[in-house]
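Engineer: One structure follows; several queries about it will come next.
The values are calculated or read from the model by the stated rules, or taken from the named source; none is laboratory data. Predicted model only: the values in this text are computed from it and were never measured. Heads up, the Cβs are rebuilt from the backbone with ideal geometry, glycines too, and the neighbour counts pull from every protein chain shown.
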Amino acid sequence: MISAVWQSERHADAVVSAGLCRAGWEAFEREAAAAGAAQTLGWMRASRDLMERQWAIWDPDRPHSIGGLERVFTEALRRVGVRRFVFRNRARLELVLDLMALDMAHIATERRFREVIRAALLANGGRPRRARRSLDDHGTSSLHDAIREVDARLQRRRAQNAQSQRAHQARRAAAGTPRTRTPSRRPRPRPTGAP
């Protein structure tokens, strides 16, 4: 009966709210103790150091989710679609992304574009500010060059991380601390004969 109550929706909400602040966590801990949820209490004891670090850096004025960004990036990827293979020029791609950002923010209208273009032409004697080919790449793709540069930087960082991880594991092994892994969330097969 206790396990059925413990897994109720009310307690699931308590788990979510508990991570937000120390008081919520401690209230959840008391509730888990009152319900006799030994595994949950064990998990909470093991997670306490992590939670202490998170509470130390918690800033209520900053976003704590990337949900808003995911929506924007999903829409940008949808709009670019298969044309993503055509982009080779970094400056032109940035212009396209800027225009998409204006459109997604509902700032871009035909009238507004017309006003901006007319003002720019009038301010420059009827001519565009940039020469027609000023954004052209000469020799190689500026976008591909930027990707290669980032990839090289990330490859160095990955090598540093791997070296640090090996050193950390060696220190743990020397101290006799067993290597721990996060438990898998994949469902485990039930033993034969189990209900």
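Engineer: Among 62, 10, which is in a helix (DSSP H, G or I), at pLDDT below 85 and of a type outside the set (Asp, Glu)?
Structural biologist: Values: 62 fails: in a helix (DSSP H, G or I).
Step by step, each of 62, 10 is checked, and only 10 is in a helix (DSSP H, G or I), at pLDDT below 85 and of a type outside the set (Asp, Glu).
Engineer: Can you name every residue in region 24-39 that is part of a helix (DSSP H, G or I) and either touching a strand residue (DSSP E or B) at 6+ places or on another chain (Cβ under 9 Å) or not aliphatic (A, V, I, L, M) (or both)?
Structural biologist: Passing the criteria: 24, 25, 26, 28, 29, 30, 31, 39.
Engineer: Right, another one. Among the candidates 82, 96, single out the residue that is aliphatic (A, V, I, L, M) and exposed (fewer than 10 other Cβ atoms within 10 Å of the Cβ).
Structural biologist: Answer to the selection: 82.
Engineer: Taking the conditions exactly as written (modelled with pLDDT of 75 or more, under 27 Å from the mean Cα position of the chain (by Cα) and surrounded by 10 or more Cβ atoms within 10 Å (Cβ to Cβ)), does residue 162 satisfy them or not?
Structural biologist: Yes: the conditions hold for residue 162.
Engineer: Another one. Could you say which residue among 76, 146, 162, 152 is of a type outside the set (D, E, K, R) and either assigned to a loop (DSSP other than H, G, I, E, B) or touching a residue at least 40 places away in the same chain (Cβ under 8 Å) (or both)?
Structural biologist: 146
Engineer: Something else: Run down 98, 103 and say which single residue is under 27 Å from residue 75 (Cβ atoms) and over 23 Å from the mean Cα position of the chain (by Cα).
Structural biologist: 103
Engineer: If you take the residues of region 70-96 that are more than 18 Å from residue 135 (Cβ to Cβ) and of a type in the set (Asp, Glu), which of them is modelled with the highest pLDDT?
Structural biologist: Checking each candidate, the answer is 75.
Engineer: Please tell me if residue 106 is more than 22 Å from residue 24 (Cβ to Cβ) and touching a Lys or Arg at 6+ places or on another chain (Cβ under 7 Å).
Structural biologist: No.
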